[in-house]
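First comes the structure, then the notes that go with it.
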Amino acid sequence: MKGKSLTVPNEMQDKYNEITEILKNFCEENLNEEYEFVCCQLNAALCRKRPSPLVKGKANTWACGIVHAIGMVNFLFDVSQKPTMKAKELYNKFGVSESNGSSKSKQIRDLMKIGVFDPKWTLPSKINDNPMAWMIMVNGLTIDARYAPREIQEEAFKLGLIPYLPE
């Protein structure tokens, strides 16, 4: 996996590795490297939670919930998107029931406060199209940073409010 290191507490390393292996295989066969990277980031974040919810439950069910949660942010279930997949197909490929897969996803989204258009969990290739990644507040007014003066963009980037400086 490319990108920044994903730190995980020592006591969660085995669980992280087990779930990561499942995620890697699933994403290679059904999605892409971007999904793999973002799903593994979420897996690591869940391992760092105190206490980690991953301690209890089956690795494949957690992996399914992770992919489903990231898929919801990135519109995986919308047929106009690439890649795309039906939720039922996702559950079947992980060998989990619809109720288990969707409840794990909901548990993850609630715990990590993940919502639709969440910039933190958006695939890198979709960040340009995510309006929430660019919304900042200036003098009490919410604006799209891509249309703000350069000095405001630079400050927003420096503060980590936007993903990069627009051209």
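The values are calculated or read from the model by the stated rules, or taken from the named source; none is laboratory data. Just so we're clear, the structure is a prediction, and the values are computed from it rather than from any experiment. Reconstructed Cβ throughout: ideal geometry from the backbone, glycine too, with neighbour counts over all protein chains shown. With ligands, DNA and RNA removed, areas are computed over all heavy atoms of the protein, side chains included. Shrake-Rupley method; radii C 1.70, N 1.55, O 1.52, S 1.80 Å.
Restricting attention to the stretch 121-157, report how many residues are touching a residue at least 24 places away in the same chain (Cβ under 8 Å) and small (Gly, Ala, Ser).
Qualifying residue count, the stretch 121-157: 2.
So Asn17 ticks every box in (1) over 29 Å from Gln81 (Cβ atoms); (2) in contact with a Ser or Thr (Cβ under 6 Å, 6 or more places away or on another chain) but one. Which box is left unticked?
If we test Asn17 against (1) over 29 Å from Gln81 (Cβ atoms); (2) in contact with a Ser or Thr (Cβ under 6 Å, 6 or more places away or on another chain), just (2) comes out false.
Can you tell which of Leu111, Leu141, Leu90, Leu159 is open to solvent by 40 Å² or more (accessible area, probe 1.4 Å), of a type in the set (A, V, I, L, M) and either under 22 Å from Leu46 (Cα atoms) or in contact with a Phe, Trp or Tyr (Cβ under 7 Å, 6 or more places away or on another chain) (or both)?
Leu111
Would you point out which residue out of Ser99, Ser103, Ser80 is open to solvent by 70 Å² or more (accessible area, probe 1.4 Å), farther than 30 Å from Pro166 by Cβ and out of contact with any Pro (no Cβ under 9 Å at 6 or more places or on another chain)?
Details: Ser103 fails: open to solvent by 70 Å² or more (accessible area, probe 1.4 Å); Ser80 fails: farther than 30 Å from Pro166 by Cβ.
From the options Ser99, Ser103, Ser80, the qualifying one is Ser99.
When you scan the stretch 123-156, how many residues do you find that are closer than 30 Å to Leu31 by Cα and either in contact with a Cys (Cβ under 9 Å, 6 or more places away or on another chain) or part of a helix (DSSP H, G or I) (or both)?
Looking only at that region, the number is 10.
Working only within the stretch 126-138, note down all residues that are under 26 Å from the mean Cα position of the chain (by Cα), open to solvent by less than 80 Å² (accessible area, probe 1.4 Å) and not polar (S, T, N, Q).
Those that are under 26 Å from the mean Cα position of the chain (by Cα), open to solvent by less than 80 Å² (accessible area, probe 1.4 Å) and not polar (S, T, N, Q): Lys126, Ile127, Pro131, Ala133, Trp134, Met135, Ile136.
Across the stretch 30-57, what is the total count of residues that are more than 19 Å from Ser125 (Cβ to Cβ) and touching a residue at least 60 places away in the same chain (Cβ under 8 Å)?
The initial filter retains those residues of the stretch 30-57 that are more than 19 Å from Ser125 (Cβ to Cβ), namely 43-57.
Then drop every residue that is not touching a residue at least 60 places away in the same chain (Cβ under 8 Å), which leaves 45-46, 49.
Adding up the residues that qualify gives 3.
The rows are residues; the columns are (1) on the phi < 0 side of the Ramachandran plot; (2) not small (Gly, Ala, Ser).
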site	(1), (2)
Tyr16	yes, yes
Glu21	yes, yes
Phe75	no, yes
Ala87	yes, no
